[in-house]
Amino acid sequence: MPWTRLLESAERQPAARLEDWYASLLAACPEAAPFELAVRGGCRAATPGLAFLAGYQAALRMLWPSAPLSLGALCVTEQRSVRPADLQCRVADLQVSGRKDFVTAAEAADWLLVAAREEGGGEKPQIALLVVRNGDPGVQVGALPPLKLMPDIGHARLQLNEAPCERLAGDGWSDYVKPFRTLEDVHVLAAFTAWLYGVGRDCGWPLSLRLRLLAVLAGAAEVARQPASSPAAHLLLAGLFEQWQQLSGELDQAFAAGPAEWRELWQRDRSLLGVAGAARAKRLSNALVALAIDAGQ
């Protein structure tokens with residue numbers, strides 16, 4: 001991406017509605033590739049939650065490059081599980097029925113990517129990824145109570161009853177759901193780091209801290225170019241999160257010395273990058289084996 005755009009000051013945009021905030025981001029950078037969208041969204045975000053939203057949407061665009069220019073959501077979780085064998089949502093004749101229990105930004109989303117089973121009875125689970133339009137017949141979205149973490153980003157349940165859908169080409173699990181975890185990790189990391197860099201620039205943080213935030217962004221740009229399912233991508237991403245962890249103490253000090261507004265947001269949402277830590281650790285372990293790297297002590 002053109003790094004000079006990151007170094008320019010960007011006016012932070014609050015969000016009365018998530019879809020309006022995202023539309024304003026797309027209007028500001030209509031030609032941006034997904035990684036640039038994540039970074040510029042992080043720079044424009046008034047909160048870590050909005051930075052997360054920018055990274056999440058950028059990851060969806062990496063997953064489905066022809067996605068509409070509007071807010072989307074990935075719908076997988078059922079009964080707290082994303083395992084193919086545990087999914088009960090099913091598609092037949094381009095109609096999908098079932099329930100998803102936890103969908104990020106579903107109320108604001110224009111389109112939904114729904115993982116559903118399509119195999120016959122007694123066969124091994126086969127997952128398809130389907131495009132469903134919010135508001136179509138058979139689509140019901142029910143808001144969940146706000147979380148303590150990023151309360152400005154809503155979550156919802158999704159109920160589908162013979163809702164019309166379009167099937168995306170390929171295997172829904174291996175081509176979409178599985179790689180999305182890595183795509184989301186790297187693009188959310190980039191967006192959140194860009195948010196931090198902007199706060200640090202405005203608050204006059206030490207140059208050494210701001211430079212190391214830029215180094216994380218530069219590393220994330222390289223990881224974003226790797227195939228999301230490759231062991232190398234998982235190894236490099238783990239290195240970035242290790243760098244991130246080393247910055248946490250200095251970030252605490254920088255926020256403690258600055259305005260209360262930023263400090264309170266940091267204290268509330270700082271753990272957003274730790275949500276998928278267990279899954280990343282498993283992918284790192286598999287990558288070390290695949291690349292024949294000794295984990296050491």
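The values are calculated or read from the model by the stated rules, or taken from the named source; none is laboratory data. Since the structure is predicted, the reported quantities are computational estimates derived from the model, not experimental observations. Ideal geometry is used to build each Cβ from the backbone, glycine not excepted, and the neighbour counts take in all protein chains shown.
Within the range 35-43, is there a residue that is out of contact with any Cys (no Cβ under 6 Å at 6 or more places or on another chain), of a type outside the set (A, V, I, L, M, F, W, C) and more than 20 Å from GLY200 (Cα to Cα)?
no
Check ALA292, ALA256, ALA228, ALA281 and return the single one that is farther than 19 Å from MET150 by Cβ, modelled with pLDDT of 95 or more and loosely packed, with under 15 Cβ neighbours inside 10 Å.
Details: ALA292 fails: modelled with pLDDT of 95 or more; ALA228 fails: loosely packed, with under 15 Cβ neighbours inside 10 Å; ALA281 fails: modelled with pLDDT of 95 or more.
From the options ALA292, ALA256, ALA228, ALA281, the qualifying one is ALA256.
When residues of the range 94-130 are filtered for being within 15 Å of LEU158 (Cα to Cα) and either modelled with pLDDT under 95 or assigned to a loop (DSSP other than H, G, I, E, B) (or both), how many remain?
Adding up the residues that qualify gives 6.
What is the one condition in (1) surrounded by 15 or more Cβ atoms within 10 Å (Cβ to Cβ); (2) modelled with pLDDT of 95 or more; (3) over 19 Å from TRP195 (Cα atoms) that ALA276 does not satisfy?
(2)
Got at least one residue in the range 70-93 being closer than 29 Å to TRP262 by Cβ, basic (Lys, Arg) and either surrounded by fewer than 20 Cβ atoms within 10 Å (Cβ to Cβ) or at pLDDT 95 or above (or both)? Working first, answer last.
Taking the range 70-93 as the starting set, the residues that turn out to be closer than 29 Å to TRP262 by Cβ are 71, 73.
If we keep only those that are basic (Lys, Arg) as well, we get none.
No; the residues of the range 70-93 include none that is closer than 29 Å to TRP262 by Cβ, basic (Lys, Arg) and either surrounded by fewer than 20 Cβ atoms within 10 Å (Cβ to Cβ) or at pLDDT 95 or above (or both).
Can we say LEU149 is crowded, with 19+ Cβ neighbours inside 10 Å and modelled with pLDDT of 95 or more? Give the steps one after another, and end with the answer.
Working: crowded, with 19+ Cβ neighbours inside 10 Å: no; modelled with pLDDT of 95 or more: yes.
So LEU149 does not fit the description; no.
Which helices (runs of 4 or more DSSP H) does the range 167-273 wholly contain that include 2 or more residues that are under 24 Å from PRO34 (Cβ atoms), acidic (Asp, Glu) and within 22 Å of the chain's Cα centre (by Cα)?
On the way: elements: 178-203, 207-224, 231-256, 260-269.
In the range 167-273, the matching helices (runs of 4 or more DSSP H) lie at 178-203.
Which pairs do you get when a residue that is more than 15 Å from VAL216 (Cα to Cα), found in the range 230-257, comes within reach of a residue that is outside any helix (DSSP H, G or I), reach meaning Cβ atoms under 6 angstrom, with the pair 6+ apart or on two chains?
Matching pairs, first to second residue: PRO231/LEU291; ALA232/GLN226; ALA254/TRP205.
When you scan the range 1-65 for helices (runs of 4 or more DSSP H) that lie fully inside it, which ones turn up with 3 or more residues that are in contact (Cβ under 8 Å) with a residue 40 or more places away in the chain? Write out each step before concluding.
On the way: elements: 3-7, 18-28, 34-44, 48-63.
By residue number, 18-28, 34-44, 48-63.
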